[in-house]
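Have a look at the structure below before the remarks.
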Amino acid sequence: MIARMSEREIQLGQGSGPLKGVKVVEIAGIGPSPHACMTLADMGADVIRIERPGGQMLTGGKHDLLNRGRPSVALDLKNPEAIETVLELVESADVLVEGMRPGVLERLGLGPEVLHARNPRLVVGRMTGWGQSGPFAQVAGHDMNYISITGSLFGLGQDKARPHFPANLLGDFGGGSTYLVIGILAALLEARTSGTGQVVDAAIVDGTAHLNAMTAAFMASPSYKEERVSGLLDGGAPFYDIYETSDGRHVSVGALEPQFYDAFIDLLGVKDTVPDRWDPANHDELRRQITEAFKTRTQAEWVEVFEGTDACVAGIIPMSEAIAHPHMAAREVFVEHAGQVQPAPAPRFSRTASSLALPPAPAVGIDTRAALTAWGVGDVDGLIERGVAVQATA
């Protein structure tokens, strides 16, 4: 069960989940840091999102799900009063998250030393692509650049001629926000014991390399080939690949284990004709038979054949269809909240269920007055009158 709120009622402790009572100050960024803060908010943390008046490119608006679950506060961080306001928020916070280029937070007057002087228990989560140190630290980049130098992008895709990148899922959200959340939670746990906070340097290059540990293990094998479509899990094996059906759609086949492979070739109707799968010399013939078999029926027909079996075959569908898939629907993986279908919080907790609280803010600064007041900031109306803070209208 997921608790949901549709009203923009800004009050501390409105969410539910295992992080209820944890307070987070988010200095707004794009991509992985908002996703991390969305995740923290989904799990019940009270997150206050500090944005520049007018917002920034690639973010904002009522449909920006990465900004769900927390109020939008607009502060002019070029104004010393705004910096003091952030420091006032930090005094009662457990975490501060930022995703700017290394050194920017320090130039604003909000570096870790300043923050820890105000709140020694604070966990400072810093999200970057290259990391806080190293020769590339000050260089611009994006997801595909970061995963390029980790060795991860090189092996992606079933095209020997060139690699293919998986949008920005692997770097920004796999190696980025996921590891930022892991680091924040670990540092929070340690701070509860030691009474002292610390800085979490979450770099996409670090996290992506860590995700790719299995490849590093494969490299120790004398039979490993560092090329695409050559291994067990990258399409090199015909029984772990993608195949087209008669209607131009596709299915995924992951029949690795012997019992799953036996079920697969039996249901596919090629059990009596396929050669030994473990002899690489037979792979072309095996792939040919599997390819021709799948081309005899539509995706829906093959899904009907394989669904509910241990053959490890699934139809490949777009998100618009995934929403209504029977398994996804039964688990409520996607839910409708505040008029928008979206992924539900993950993972799930047996006792402290996560929540979908505030929907994404319709305008940057729509919650400035209410959120700053709820966090105990004084003279909020004065801050707005002086242009330090901006209260937007819907």
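Only the coordinates and a few stated rules stand behind these numbers; no lab work does. All of these numbers come straight from a predicted model, not from anything done at the bench. For neighbour counting, all protein chains shown are included, and Cβ atoms are generated from backbone atoms with ideal geometry for every residue, glycine included.
Around the amide H of Tyr224, modelled in the peptide plane, lies no amide H under 5 Å away from a residue 5 or more places distant or on another chain. For Leu96, the residues 5 or more places off, or on other chains, whose built amide H falls under 5 Å of its own are Val25, Val123, Val124, Gly125.
Packing order of peptides 72-83, 329-340, highest average first: 72-83, 329-340 (average count of other Cβ atoms within 10 Å over each peptide's residues).
Toward the positive end of the charge dipole of the chain, with +1 on the Cβ of Lys and Arg and -1 on the Cβ of Asp and Glu, the farthest Cα among Gly54, Val335, Ala255 is that of Gly54. Annotated for the chain: lysine pairs at least 8 residues apart or interchain, Cα distance under 27 Å, count 7. Summarised as an ellipsoid, the range 240-326 has semi-axes of 23, 14, 11 Å, derived from the eigenvalues of the Cα gyration tensor scaled by 5 and square-rooted, with the largest first.
Over the chain, the hull volume per residue, using the convex hull of the C-alpha atoms, is 167 Å³. The modelled label-to-label distance between Lys78 and Glu91, using points 7 Å beyond Cα along the C-beta direction, is 2.8 nm. With a Förster radius of 30 Å applied to the beta-carbon distance between Lys271 and Ala330, the computed FRET efficiency rounds to 0.40. For the chain, the longest principal axis of the Cα atoms and the long axis of helix 178-194 meet at an angle of about 50 degrees.
What size of dipole, in debye to the nearest 20, comes out for the range 240-326 about its Cα centre when the only charges are +1 on Lys and Arg C-beta atoms and -1 on Asp and Glu C-beta atoms?
Numbers: 7 positive and 17 negative charges, 42 e Å.
Dipole magnitude for the range 240-326 comes out near 200 debye.
Note on Ala346 and Glu285: with the Förster distance fixed at 45 Å, the Cβ-Cβ geometry gives a FRET efficiency of about 0.60.
Once Lys and Arg get +1 and Asp and Glu get -1 on their Cβ, which of Thr298, Val388, Ala311 lies farthest toward the positive end of the dipole of the range 296-394? Of the listed residues, the answer is Val388. The ranking of His327, His116 by Cβ neighbour count inside 10 Å, starting from the fewest, reads His327, His116. Computed 3J(HN,Hα) for the range 353-366, one whole-Hz value per residue from the Karplus formula 6.51 cos²θ - 1.76 cosθ + 1.60 where θ = phi - 60°, is 4, 6, 9, 10, 9, 5, x, x, 5, x, 8, 4, x, 5, glycine and proline marked x.
Taken over the C-alpha atoms, the range 86-160 has Rg and Dmax values of 16.6, 55 angstrom.
Run through the DSSP bridge list for the chain and note the antiparallel percent, rounded to the nearest 5. Can you show the working numbers first?
Working: 14 of 37 bridges.
Counting DSSP beta bridges with both partners in the chain, the antiparallel share is about 40 percent.
Which residues in the range 200-228 have a backbone N closer than 12 Å to a point placed 7 Å from the Cα of Ser133 along the Cα-to-Cβ line? Of the residues in the range 200-228, 201 have backbone N under 12 Å from the label point off Ser133.
Dipole size in debye (nearest 20) for the chain around its Cα centre, Lys and Arg Cβ +1, Asp and Glu Cβ -1?
Values: 32 positive and 48 negative charges, 145 e Å.
With Lys and Arg at +1 and Asp and Glu at -1, about 700 debye.
With a ≥ b ≥ c the root eigenvalues of the C-alpha gyration tensor of the range 145-249, is it rounded (a/c under 1.5), prolate (a/b larger than b/c) or oblate? All intermediate terms of the calculation are to be shown ahead of the outcome.
Numbers: a/c = 2.74, a/b = 2.12, b/c = 1.29.
It is prolate, given that a/c is not under 1.5 and a/b is the larger ratio.
Name the residue from Phe136, Gly235, Leu87 whose Cα lies farthest towards the positive end of the charge dipole of the chain, charges +1 on Cβ of Lys and Arg and -1 on Cβ of Asp and Glu. Working it through, the farthest residue towards the positive pole turns out to be Leu87.
Applying a 10 Å radius around every beta-carbon, put 158-164, 319-325 in order of their mean neighbour count, most first. The partial results should precede the final answer.
Numbers: 158-164: 10.6, 319-325: 12.4.
Averaged packing, sorted descending, gives the order 319-325, 158-164.
Whole angstrom only: what separates the Cα centroid of the range 215-273 from the Cα centroid of the range 312-338? If you average the Cα positions of each part, the centres end up 24 Å apart.
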